[in-house]
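**Q** Dumping the structure here so I can ask a few things about it.
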Amino acid sequence: MQFLKYILLFFVFIASSSIGKVISEKYKLRLEELEEIKNSLNIFKTKIRFTYSPIGEIFDEIGQQTKNRTIEKIFKTARNNLEKSSASKAWKEALEETSSNMKKEDIDVLLNLGKLLGTSDLDGQISQIELTQNFLETQLKQAQEEKQKNEKLYQKLGSIVGLVVVIILI
C-alpha cells in the first residue's frame with residue numbers, strides 16, 4: 001500500500017512539473033509565431049510590390065513557405081476564405097478561426113492589417129503592412145521580455161508546487 005502511495009506522489013510531482021513546462025512553452029511559441037508572422041508579412045509586402053500577384057496567390061505561397069504550422073494555417077485559411085468573401089473579411093476570419101499562442105493585442109494588430117487588404121491601392125497596402133510590421137516589432141520586444149521573465153519562473157513554479165503537494169501528502 002505504501003508503495004502505491006509513493007508511485008501516486010511521484011506522478012503528482014511529474015504532472016505538476018509538466019504543467020509548469022506547458023505554461024512556459026506558450027511564451028516561447030508566442031515569440032516564434034510573432035517572428036514568423038513578421039517574416040511572412042515581409043514576403044507579402046515584397047510580393048505585392050514586385051510581382052503584382054493576386055492576394056489569394058500570395059496567401060497560398062506564404063502558407064507553403066512558412067515554417068510555423070499556426071502561421072501556415074492562418075494564410076491557408078485566409079486563402080480558402082477568399083473564395084467566398086473579400087480579402088479583409090477572409091483575413092479576419094482566418095485570424096479568428098486559427099488558434100494560436102498570440103495574445104489578443106497581437107491579433108488586434110494583425111486584424112488592423114486586414115482593413116485595407118484588397119480595398120486600397122498598392123502603396124496603401126504596402127504602407128499598412130509596414131505599419132503592422134512596426135507594431136509587431138513592439139509586440140516582439142514585449143514577448144521577448146515576457147519569455148525571459150516568465151519561462152523559467154513557470155518551469156520552476158510547477159516543480160515547486162509539485163514538491164509542496166508531495167511533502168504535504170507524505
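We did not get these values from a lab; they are worked out from the coordinates using the rules stated. Model, not experiment: these values are computed from the prediction. As a convention, Cβ positions derive from the backbone with ideal geometry for all residues, glycine included, and neighbour counts pool all protein chains shown.
**Q** Taking 25 Å as R0, compute the FRET efficiency from the Cβ-Cβ separation of Leu163 and Gln2 and round it to 0.05. Numbers along the way, then the final one.
**A** Working: r = 19 Å, r/R0 = 0.77.
Efficiency at R0 = 25 Å is approximately 0.80.
**Q** Follow-up question, since we're still on this one. Separation between the Glu83 and Leu29 pseudo-spin-labels, each 7 Å from Cα along Cα→Cβ, expressed in nm?
**A** 2.8 nm
**Q** Okay, moving on. Please give the helix 104-114 orientation as an angle from the longest Cα principal axis of the chain, in degrees from 0 to 90, rounded to the nearest 10.
**A** So the helix axis and the longest Cα principal axis differ by about 10 degrees.
**Q** Label-point separation (nm) for Glu96 and Gln65, each offset 7 Å from Cα along Cα-to-Cβ?
**A** 2.9 nm
**Q** Kindly state, as a whole number, the per residue volume in cubic angstrom of the convex hull around the alpha carbon atoms of the chain. Spell out each step's value before the answer.
**A** Values: hull volume 20.3 nm³, N = 170.
Convex hull volume per residue, Cα atoms: 120 Å³.
**Q** If you don't mind, there's one more thing I want to ask. Please compute the length gained on full extension between Ile170 and Lys149, using 0.36 nm multiplied by the number of residues separating them and subtracting their Cα-Cα distance.
**A** Numbers: separation 21, 0.36 × 21 = 7.56 nm, distance 3.24 nm.
Net length gain for the segment: 4.3 nm.
**Q** Size of the dipole of the chain about the Cα centre, Lys and Arg at +1 and Asp and Glu at -1 on the beta carbon, nothing else charged, in debye to 20?
**A** Working: 25 positive and 23 negative charges, 134 e Å.
Computed charge dipole of the chain: roughly 640 debye.
**Q** Compute the length gained on full extension between Asn112 and Phe50: take 0.36 nm times their separation in residues and subtract their Cα-Cα distance, giving the result in nm to one decimal.
**A** So the chain would gain 20.0 nm between Asn112 and Phe50.
**Q** In addition: Between helix 87-97 and the chain, what is the angle of the helix's C-alpha long axis to the longest principal axis, kept within 0 to 90° and rounded to the nearest 10?
**A** Its long axis makes an angle of about 10 degrees.
**Q** Mind pulling the angle between the C-alpha long axis of helix 122-169 and the longest principal axis of the chain? Nearest 10 degrees, somewhere in 0 to 90.
**A** Result, in degrees: 10.
**Q** Enumerate the lysines that Lys76 could reach by cross-link, defined here as Cα to Cα under 19 Å, with residues fewer than 8 away along the same chain left out.
**A** Within reach: Lys38, Lys45, Lys47, Lys67, Lys84, Lys89, Lys92, Lys115.
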